[in-house]
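Colleague: This is the structure I want to talk about, given as structure tokens.
The values are calculated or read from the model by the stated rules, or taken from the named source; none is laboratory data. Being a predicted model, the structure only gives us computed values, none of them experimental. Cβ sites come from the backbone with ideal geometry, for glycine too, and all protein chains shown count toward neighbours. To get the accessible areas, we keep the full protein, side chains included, count just its heavy atoms, and leave off ligands, DNA and RNA. Shrake-Rupley method; radii C 1.70, N 1.55, O 1.52, S 1.80 Å.
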Amino acid sequence: MARVLIIEDNERLAGLIADGLGAQGHVCDAVHTLAAAEDALAGTLFDGIVLDLGLPDGDGVDWMRAQHGPRPPILVLTARDALEDRIRGLDAGADDYLPKPFAMSELAARLRALLRRPGGRQDAVLALGNLAFDPASQRVTVAGTTLELTRREAALIELLLRRAGQVVRRAVIENSLYTFDEAVTPNAVEATISRLRRKLEEAGAALELHTIRGVGYMARARGA
Amino acid sequence: MSRPPSIVRRLTASLAWVGGLGALLLLIVIGIEYRISFSNLGDHDAFARAIHELSEHVLLPMAVLILPMALAGRWAIKSGVRPLIDAAAQIDARAGETRGVRVDTTDFPIEARAFADAINRVLGRIDGAAALHEAFAADIAHELRTPLTLLSLELDRLEHPDAGRMRGDVARMRRLIDQLMLLAQIDADHAAQIAPTPVDLGDVAGDVIAQLAPIALDRGMRLALEADAPVMVIGRREAIGAALRNLIENALRASPAGGCVTVRTGAGGMLAVRDEGPGLSAQQLATLTQRHRRADHASRDGAGLGLAIVERIMRAHGGTLETSVTARELRLQFPPAASSD
């Protein structure tokens with residue numbers, strides 16, 4: 001699957017993360033300094049980076065800021081978790097942020113979401129439970145059978161699948177569906193979700209669309 | 001009961017003594033100059049002359065000098081002490097602040113400067129000690145994170161039936177560390193006087209609920225937000241988010257399985273969290289928010305510490321944490337923003 005570079009100075013921790021992500025099917029390279037990270041990035045094309053902020057030969061935030069041109073998405077790990085550090089990290093170009101300590105499942109989920117962002121090299125089929133979505137053809141299959149969806153329904157499920165397990169805010173949905181209709185009312189979004197839900201249920205999809213009233217929607221594998 | 005010494009009273013007493021002594025001295029001087037002796041005061045003419053001399057040279061000058069002196073003295077003292085009274089009022093007005101309080105000595109009379117400067121030096125030392133203490137707490141929390149991550153990842157690989165319980169323990173330790181760091185952060189922000197910005201409470205609530213909704217669903221609970229119009233307050237977004245997160249986590253614990261925790265915004269800078277638990281009386285709330293002061297961390301999951309943190313954050317915003325048993329709500333009440341748009 002994806003090739004991930006782990007930049008973490010604690011060698012045992014780097015090893016554990018590599019093992020954990022390896023079990024998820026990722027190919028991981030672990031380095032312990034920024035200098036080694038530069039070497040690794042010069043020689044190999046990575047799909048994602050897991051970066052610890054406090055490294056022996058420099059600060060991760062400064063390093064991110066110095067990166068120019070296209071680069072893989074970065075998930076920052078930090079032991080600091082001071083609110084200001086979080087903002088500083090995201091400003092410097094981190095794509096997501098995970099404070100230590102974290103569970104492997106958490107790291108894997110966040111990384112999966114990053115790799116699923118559009119435009120990444122990982123722009124392949126999005127899968128959740130027994131459902132698969134091909135962004136290129138906008139085709140949804142449940143357990144191998146194609147599901148008939150309108151363009152708007154397909155766009156909505158793509159949005160939710162790209163952030164599976166995370167809540168997608170209502171405003172984000174309204175903005176990205178705007179192109180299909182002149183005005184997207186909250187009711188229209190809710191109606192589309194209901195139709196999607198019914199279709200998924202009829203097709204026997206092991207996937208749930210949760211409504212977080214007043215906030216947004218979330219797709220999760222059933223029983224997850 | 002002895003009254004505390006008063007400069008004005010002391011001045012009045014001193015002037016009375018000076019007046020009395022001066023009058024006595026003048027009487028003697030006049031007596032010598034005019035050779036008035038007590039023996040010929042019986043003479044009517046001599047007596048009248050003596051009275052005349054006395055009133056002209058003693059009583060009149062005394063009255064002319066002592067009265068304005070007494071008044072001028074009182075005025076000088078009152079106005080000299082005025083900056084001290086103003087400074088006291090200013091310090092009292094900042095009762096909510098525990099850090100960075102200093103006596104403003106710009107208008108202080110030179111006589112009071114040394115004392116005020118000494119007090120400021122002590123306050124500076126106390127601030128320094130508190131900052132050191134907080135930095136130490138933050139350092140400990142920071143140092144604990146990497147070993148705790150290792151522990152958590154190693155536990156993830158264990159298939160032992162006890163691993164789940166240990167994962168729960170690690171999660172509780174993590175929560176405690178997060179709260180310690182948050183407390184240190186609130187004080188650091190306060191000390192650094194980071195400028196507050198306009199914040200929409202509904203937007204913050206949406207972010208926090210989006211973060212917590214997966215956890216709530218895992219426990220079979222739902223979260224909902226009721227926010228129609230934007231409600232603006234002046235504050236620190238991250239801190240308000242942390243306060244709300246603590247309240248929601250609290251509500252998730254208090255509600256029965258399958259329950260719903262609802263967050264709503266209200267006009268005038270109000271953010272409320274309603275759960276399906278029994279509600280919290282004002283007395284219970286007061287006890288819970290006092291917890292950290294008594295160093296009582298007896299609660300298994302740091303719930304009490306959570307409410308104490310919420311109270312601290314609200315205090316730093318000039319707001320309050322209130323409870324309504326009937327509505328089963330905990331409310332964050334902010335001072336309303338000057339302008340609502």
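Colleague: Would you pick out the residues in segment B:114-145 that are within 11 Å of chain A (Cβ to nearest Cβ) and in contact with an Asp or Glu (Cβ under 9 Å, 6 or more places away or on another chain)?
Modeller: Our first condition is that a residue be within 11 Å of chain A (Cβ to nearest Cβ); within segment B:114-145, this holds for B:138-139, B:141-145.
Hits for segment B:114-145 are B:ALA141, B:HIS142, B:ARG145.
Colleague: Given the criterion surrounded by 18 or more Cβ atoms within 10 Å (Cβ to Cβ) and within 25 Å of A:PHE102 (Cα to Cα), identify the matching residue among B:ILE177, B:ILE140.
Modeller: B:ILE177
Colleague: In segment A:124-161, what residues are touching a Phe, Trp or Tyr at 6+ places or on another chain (Cβ under 9 Å) and charged (D, E, K, R)?
Modeller: A:ARG139, A:ARG151, A:ARG152, A:GLU158
Colleague: Ok, one more. Anything in segment B:107-126 that is more than 11 Å from B:VAL81 (Cα to Cα) and of a type in the set (Phe, Trp, Tyr)? List them, or say none.
Modeller: B:PHE115
Colleague: Moving on to the next point. Is it the case that segment A:33-47 has a residue that's free of Cβ contacts under 8 Å to residues at least 60 places away in the same chain, touching an Asp or Glu at 6+ places or on another chain (Cβ under 7 Å), small (Gly, Ala, Ser) and more than 23 Å from A:LEU128 (Cα to Cα)?
Modeller: The answer is yes, given that some residue of segment A:33-47 is free of Cβ contacts under 8 Å to residues at least 60 places away in the same chain, touching an Asp or Glu at 6+ places or on another chain (Cβ under 7 Å), small (Gly, Ala, Ser) and more than 23 Å from A:LEU128 (Cα to Cα).
Colleague: Ok, one more. Taking segment B:99-108 as the region of interest, how many residues are open to solvent by 40 Å² or more (accessible area, probe 1.4 Å) and out of contact with any Asp or Glu (no Cβ under 8 Å at 6 or more places or on another chain)?
Modeller: Of the residues in segment B:99-108, 3 are open to solvent by 40 Å² or more (accessible area, probe 1.4 Å) and out of contact with any Asp or Glu (no Cβ under 8 Å at 6 or more places or on another chain).
Colleague: With open to solvent by 20 Å² or more (accessible area, probe 1.4 Å), in a loop (DSSP other than H, G, I, E, B), over 24 Å from A:GLY165 (Cα atoms) and modelled with pLDDT under 85 as the only criterion, which of B:HIS297, B:HIS292 stands out?
Modeller: B:HIS297
Colleague: Another question, if that's okay. Quick one: how many residues across segment A:155-196 are open to solvent by less than 40 Å² (accessible area, probe 1.4 Å), at pLDDT below 80 and either among the β-branched types (Val, Ile, Thr) or farther than 21 Å from B:ASP207 by Cα (or both)?
Modeller: So the answer is 1.
Colleague: Another question about this same structure. What about B:ALA112, is it surrounded by 13 or more Cβ atoms within 10 Å (Cβ to Cβ) and modelled with pLDDT of 85 or more?
Modeller: Against the criterion (surrounded by 13 or more Cβ atoms within 10 Å (Cβ to Cβ) and modelled with pLDDT of 85 or more), B:ALA112 qualifies.
Colleague: Restricting attention to segment A:61-80, report how many residues are among the acidic types (Asp, Glu) and modelled with pLDDT under 85. Please lay out each step first, then the result.
Modeller: Start the filter on segment A:61-80 by keeping residues that are among the acidic types (Asp, Glu), which leaves A:62.
Those still in the list that are modelled with pLDDT under 85 too: none.
Total meeting the criteria: 0.
Colleague: Moving on to the next point. Of the conditions (1) more than 30 Å from the chain's Cα centre (by Cα); (2) in the same structural domain as B:SER255 (by TED's automatic domain parsing); (3) among the β-branched types (Val, Ile, Thr), B:THR149 satisfies every one except a single condition; which number is it?
Modeller: (2)
Colleague: Further, regarding this structure: At least 3 residues that are modelled with pLDDT under 90, among the charged types (D, E, K, R) and open to solvent by 30 Å² or more (accessible area, probe 1.4 Å) in each: list the strands (runs of 3 or more DSSP E) lying fully within segment A:1-60 that qualify.
Modeller: In segment A:1-60, no matching strands (runs of 3 or more DSSP E) lie anywhere.
Colleague: What residue, among those in segment A:196-224 that are within 14 Å of chain B (Cβ to nearest Cβ) and outside any strand (DSSP E or B), is nearest to A:GLY165 (Cα to Cα)?
Modeller: Applying the filter and picking the extreme gives A:ALA224.
Colleague: Scan segment B:146-159 for residues that are within 9 Å of another protein chain (Cβ to nearest Cβ) and among the charged types (D, E, K, R) and jot them down.
Modeller: Listed by number, the residues that qualify are B:GLU154, B:ASP156, B:ARG157.
Colleague: Further question on the same structure: Out of B:PRO61, B:PRO83, B:PRO68, report the one residue that is open to solvent by less than 80 Å² (accessible area, probe 1.4 Å), in a helix (DSSP H, G or I) and touching an Asp or Glu at 6+ places or on another chain (Cβ under 9 Å).
Modeller: B:PRO83
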